[in-house]
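These notes are about the structure you will find just below.
The values are calculated or read from the model by the stated rules, or taken from the named source; none is laboratory data. Model, not experiment: these values are computed from the prediction. We place every Cβ from the backbone using ideal geometry, glycine too, and count neighbours over all the protein chains shown. Each accessible area value is taken on the protein alone, full model and side chains, heavy atoms only, with ligands, DNA and RNA left out. Shrake-Rupley method; radii C 1.70, N 1.55, O 1.52, S 1.80 Å.
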Amino acid sequence: MNKKEMLQKKVDYKRIYKELYVPKTMPMIIEVPPISYLMIDGNGNPNTSEEYKHAMEVLYGISFTIKMSKMNGTQPEGYFEYVVPPLEGLWSVADDKFVGTTPIENKDLFLWTSMIRQPEFVTQEVFEWAKKVLHKKKPELNLSDVRLETFEEGLCAQVMHIGPFDNELTTIQRLEEYIIEQGYQSDINTYRRHHEIYLSDPRKCSTDTLKTVIRHPIRK
């Protein structure tokens, strides 16, 4: 979609880039382009960690500050109507690459980067402005660790997982088998990591219907 088309309609990245956000339950190979994200690094069990909860408040706080800026006439140059993209996460485990093919018994060992894609008009200047606006509204939030970064993921294999997060193991094993069958190998490292995209809100649907994109970087 070009800039003119973006200005004429409300942009939903999940619909425009279906190959990135709506894969089938059969694995596939994809080339992921560079994408701009708000990112926060942290560690610990996402189900119990106050650090993870805080990261969610910051990521969504800044994302919706930018999205809703049009309501008071402070929208950035180049602004267009859009749907805030889904939450995503890069995952690893302390002292391990974490491919996900073996169960993680102690979730406190998780190292994570939580992130939300940003529209093309969000520059570093827009990001700094949004942080200042959010700080005035919620001064209790620590905004020192959030950053705007372009993530270049490159060649990957991905698959749609449907069901509880704790049941992802079988889907991940199937993804890894597919990678080998296609003549590739996983290329998980400290930068290109186990990647999840959360398309469902656990508060609004049954865990049996949760949709999560699982993506692994690959190489020949």
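Residues that are in a loop (DSSP other than H, G, I, E, B), over 14 Å from Glu77 (Cβ atoms) and of a type outside the set (Asp, Glu) within segment 105-130 comprise Asn106, Gln118, listed in sequence order. For segment 24-38, the set of residues classified as open to solvent by 30 Å² or more (accessible area, probe 1.4 Å) and not in a strand (DSSP E or B) consists of Lys24, Thr25, Met26, Pro33, Pro34, listed by residue number. Evaluating Leu175 against the criteria (1) assigned to a helix (DSSP H, G or I); (2) in contact with a Pro (Cβ under 6 Å, 6 or more places away or on another chain); (3) open to solvent by 20 Å² or more (accessible area, probe 1.4 Å) leaves one unmet condition, (3). When segment 185-220 is filtered for residues that are over 10 Å from Cys156 (Cα atoms), hydroxyl-bearing (Ser, Thr, Tyr) and not in a helix (DSSP H, G or I), the ones remaining, listed by number, are Thr190, Tyr191, Tyr198, Ser200, Ser206, Thr212. Among the residues of segment 153-165, is any in contact with a helix residue (DSSP H, G or I) (Cβ under 9 Å, 6 or more places away or on another chain), more than 20 Å from Gly42 (Cβ to Cβ), assigned to a strand (DSSP E or B) and open to solvent by 20 Å² or more (accessible area, probe 1.4 Å)? The answer is yes, given that some residue of segment 153-165 is in contact with a helix residue (DSSP H, G or I) (Cβ under 9 Å, 6 or more places away or on another chain), more than 20 Å from Gly42 (Cβ to Cβ), assigned to a strand (DSSP E or B) and open to solvent by 20 Å² or more (accessible area, probe 1.4 Å).
Look at (1) without any contact (Cβ under 8 Å) to a residue 40 or more places away in the chain; (2) of a type in the set (Ser, Thr, Tyr); (3) surrounded by 14 or more Cβ atoms within 10 Å (Cβ to Cβ) and you find that Tyr184 fails only one, number (1).
Of all residue pairs spaced 6 or more apart or on separate chains, those with beta-carbon atoms under 6 Å, a first member in segment 62-82 that is under 13 Å from Ala130 (Cα atoms) and a second member that is surrounded by 14 or more Cβ atoms within 10 Å (Cβ to Cβ) and among the small types (Gly, Ala, Ser) are Ile62/Ala130; Thr65/Ala130; Ile66/Ala130; Gln75/Ser69.
Taken as a whole, segment 198-206 holds at least one residue that is open to solvent by 20 Å² or more (accessible area, probe 1.4 Å), closer than 20 Å to Asn47 by Cα and touching a helix residue (DSSP H, G or I) at 6+ places or on another chain (Cβ under 8 Å). Would you check if Phe64 is farther than 30 Å from Gln173 by Cα, in contact with a strand residue (DSSP E or B) (Cβ under 7 Å, 6 or more places away or on another chain) and either in a loop (DSSP other than H, G, I, E, B) or aromatic (Phe, Trp, Tyr) (or both)? It is false that Phe64 is farther than 30 Å from Gln173 by Cα, in contact with a strand residue (DSSP E or B) (Cβ under 7 Å, 6 or more places away or on another chain) and either in a loop (DSSP other than H, G, I, E, B) or aromatic (Phe, Trp, Tyr) (or both). Given the structure, is Asn45 over 30 Å from Gln124 (Cβ atoms) and open to solvent by 20 Å² or more (accessible area, probe 1.4 Å)? Judged against the criteria, Asn45 is a match.
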